[in-house]
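As structure tokens, the structure follows; a few thoughts come after it.
Readers should treat all values here as calculations from the given coordinates under stated rules, not as data from a laboratory. Worth saying up front: this structure is predicted, and the values here are computed from it rather than measured. Quick reminder, even Gly has a Cβ in these numbers, built from the backbone with ideal geometry, and neighbours come from all protein chains shown.
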Amino acid sequence: MSTAAPDWVDAGDSRDHRADAQQAFTAAFDTEPEGIWSAPGRVNLIGEHLDYNGGPVLPLAIDHRTLVAASPRSDGRIRMASRQDAATWEGSLAELRPGRPTGWCGYAAGVLWAAREAGRPLSGLNLLVDGRVPVGGGLSSSAALTCAVALAAAQLSGSGVSGDDARRELAAICVRAENDFAGAPTGGMDQAVVLRALAGHALLLDCTTFDAEQVPVPHVGELLVVDTRGHHELTDGQYGGRRAACERAAQELDVPRLAGLDVTQLPGLLPRLSDDELRGVVRHVVTEVQRVGAVVSHLREGRLLEAGPTLLESHASMRDDFVISTPELDLVVEAAVAAGAPGARMTGGGFGGSAVVLCRPGDRPAVAAAITGAFAAAGFATPGMLPVQASGAAARMA
Ligand code: GLA
């Protein structure tokens, strides 16, 4: 067995991050920012690929956050820079068009475009991004970026951002930025939790109405996120392919949304579908809806660790029926269980990215070491280990 040490990716101290973002802003724009905002990444506890199927999801915000330092400009121009990426962009609000600019600037610019399309007042802006959610890790670094920019732009333009209704509107703007500007067919779960999460809680979100309930996460277990560093992007077509399969299945069954089907209907419905791919996606969606209900009950009863077997079933469903796992994600689950973790599953869009592992109190270091060893033995890249807890929504930091 290898002795490779786990590569811990700690969230660190947010006060230091504020100072870093402030300094980088001053270096880029030669002036002080008017404010600093931050938005979290997210991990989905259960309910995968249910948002665009109109089902329930149960994500939580993590304590790894993206910061945006910003100030308004009176000339209607936008200037953007980042601490992580040399790409910058400068242009006017009026010249923003879907698909231009691209890259991380496209996500930030897309928010301003979508806000304008929604009729919101906007000034020009200087924006400095400090992205601290691992990019491509399946932890919604893009939603952290768009939501932090949306909040900064709204507050600097005098729009209200407090209250659930205001947050829901901002989330819709961020979804539009990703879907229609950046070309990422995201389903809305990520932006909702990034803007509406409550520390210590998971967000039970009904993706038909986008109504949400806060469900306390009991302190009887610990969550470990494992970034396999097998990176994925929502724009690479694989995620869109699964979404399209769900739409075909709904059409063949003549139902408005797959998540509205009940598990008892499956034996009658599956034979009506034209191929095994569609049977698999329907089986995953319908059984995953049930699993969300089971995990919510465990949380409400204060028995987080008892949710473990349901997380394992969810992983098997994504591996075998929805077919979006990878050998690395499967190995995280296998090694975590072998090390005594009650449950684990891949999380997010799939085809790479991260898994979430439920650990008994105090077990996180041992589970992380076992997974790191298993990756080394399999010849995979060293995974990143993020100790996470349910954190708060996007907010102004200074
Ligand atoms: C990505 C998307 C979400 C959701 C998940 C899968 O994170 O952005 O909208 O569909 O995949 O649950």
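Distance between the C-alpha centres of the stretch 329-348 and the stretch 186-237: 18 Å, rounded to the whole angstrom.
Share of pairwise Cα-Cα distances greater than 26 Å in the stretch 108-239 is 25 percent (whole percent).
Compare the Cα positions of LEU234, VAL323, ALA27 along the charge dipole of the chain (+1 at Cβ of Lys, Arg; -1 at Cβ of Asp, Glu; about the Cα centre) and return the one farthest towards the positive end. So the residue we want is ALA27. Placing dummy labels 7 Å off each Cα toward the beta-carbon, the span from SER92 to ASP320 is 6.0 nm. The charge dipole of the stretch 7-215, taken about the Cα centre with unit charges on the Cβ atoms of Lys, Arg (+1) and Asp, Glu (-1), comes to about 460 debye, rounded to the nearest 20. One quarter of the surface of the convex hull around the alpha-carbon atoms of the stretch 206-313 equals 8.8 nm², the direction-averaged projected area.
With a cut-off of 15 Å, note down the residues of the stretch 245-262 whose backbone N falls inside the zone around a label point 7 Å from the Cα of ASP206 toward its beta carbon. So the set is 259-261.
Note on the stretch 83-176: Cα-only Rg and Dmax are 12.8, 36 Å. First obtain the Kirkwood hydrodynamic radius of the stretch 7-215 from its Cα pairs, then insert it into the Stokes-Einstein equation at 20 °C and 1.002 mPa s, and state the resulting D in µm² per second as a whole number. It diffuses with D of about 127 µm²/s by this estimate. Note on the stretch 310-394: Rg/Rh from C-alpha atoms, Kirkwood Rh, equals 0.96. Computed from phi, the 3J(HN,Hα) profile of the stretch 335-343 under the Karplus parametrisation 6.51, -1.76, 1.60 (θ = phi - 60°) reads 5, 5, 5, 4, 8, x, 5, x, x Hz, with x in place of Gly and Pro. Working note: Cα atoms of the stretch 29-115, range along each principal axis, descending, whole Å: 44, 28, 23. Set against the 2.2 N^0.38 Å expectation for a compact globular protein, the stretch 222-388 has a Cα radius of gyration ratio of 1.10. Near ALA184, the amide H atoms lying under 5 Å from its own belong to ASN179; only residues 5 or more places off or on other chains count, and H is placed 1.01 Å from N. Rounded to the nearest 20 debye, the dipole size of the chain about its Cα centre is 480 debye, using +1 on the Cβ of Lys and Arg and -1 on the Cβ of Asp and Glu. Look at TRP113, TRP89, TRP37 and count the other Cβ atoms within 10 Å of each Cβ; fewest to most, that gives TRP89, TRP113, TRP37. If you line up the long axis of helix 14-29 against the longest principal axis of the chain, both from Cα atoms, how many degrees apart are they, to the nearest 10? Tilt relative to the chain: about 40 degrees. Helix 308-320 axis versus longest C-alpha principal axis of the chain: approximately 90°, rounded to the nearest ten. If R0 is 51 Å, the Cβ-Cβ spacing of GLU334 and SER74 corresponds to a FRET efficiency of close to 0.35. In terms of Cα atoms, the Rg and Dmax of the stretch 210-270 work out to 17.5, 44 Å.
Only the Cβ atoms of Lys and Arg (+1) and of Asp and Glu (-1) were treated as charged; on that basis the dipole of the stretch 157-237 about its Cα centre amounts to roughly 140 debye. Along its first, second and third principal axes, ordered by size, the chain spans 61, 53, 39 Å in Cα coordinates. Our estimate of slack between ALA199 and SER14, defined as 0.36 nm per intervening residue step minus the Cα-Cα distance, is 65.1 nm.
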